[in-house]
Amino acid sequence: MALGFFIVNFAPSKPNYFVMKCTLCEGEDLITFKGIDGVAFYRCNHCFLIFKSPDVWLRPEDEKERYQQHNNSEDCPGYVEFLNQALEPTLPFMEEDMEGMDFGCGPNPVLARMVEKTGCQCSFYDPHFFPELPDERQDFIFATECFEHFFNPHQELKLLTALLRPSGTLTIMTNLWNEDDPVENWWYTKDPTHVTFFHSKTIDYICSRYGYDIEYSDDRKVIVLRKRVVR
């Protein structure tokens, strides 16, 4: 649920004109279309990211208010089962005493407590509720249901990559869009806090640009990436 910033490129010869850029790859080859309730979307033809028009992005205080309405706790079996979709495929890459982080945990860091039961240490971060980042780099990072909230995924991925140790794992859980389910009518876009949507080709782009390899993917919403070692 971390926040980013809208990127524009002002043309010097036309002071009132700006070129929309992709919030991930900064490309300008974008397709515009209308979604549910007439919301404008942009699709990047380079990295296949789709993002909502910035004019519908919520203010930070409105975002926080919506997140506080979520009733997610360890006492909710359905929520624990939901988080296990990210934890279980990551367990083969985790070892006891490793240090990790639950990034974008919301007001209740349930996943961090689940991870600690495996014998690993797990800190947590959320820009609204726990805004202090760890000083040390991490062996693993979970980013469950937060990528779709990124206003500026390029900056967020730079941060996540900097926080990971070489060979560390980044587990992403966000529903991927595909051509079989038109985004114009996709239920996932109805949440006003969901502003950015990833395709499997977007994940490939992320791997190429930020230096990751795919260790696991269910081709729907859970991906485990490993940070490459630069030699």
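Rule-based calculations on the coordinates, nothing more; no lab input. Since we're looking at a predicted model, the values are computed, not measured. Here the Cβ positions follow ideal geometry from the backbone for every residue, glycine too, while neighbour counts run over all protein chains shown.
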Q) the range 8-227: D in µm²/s via Stokes-Einstein (Kirkwood Rh, Cα pairs, 25 °C, 0.890 mPa s)? A) 134
Q) For the chain, can you list the cysteines whose C-beta has no other cysteine C-beta under 4.7 Å from it? A) C76, C105, C120, C122, C146, C207
Q. What nm distance separates the two modelled labels at D191 and N178, each placed 7 Å from Cα along Cα→Cβ?
A. 2.0
Q: Find the centroid of the Cα atoms in the range 72-123 and in the range 38-54, then give the distance between the two in whole Å.
A: 31
Q.
Run the simple label-point estimate for D213 and S200 please: 7 Å along Cα→C-beta, distance reported in nm.
A. 2.0
**Q.** Cα gyration tensor shape for the range 70-127, rounded if a/c is under 1.5, else prolate or oblate
**A.** oblate
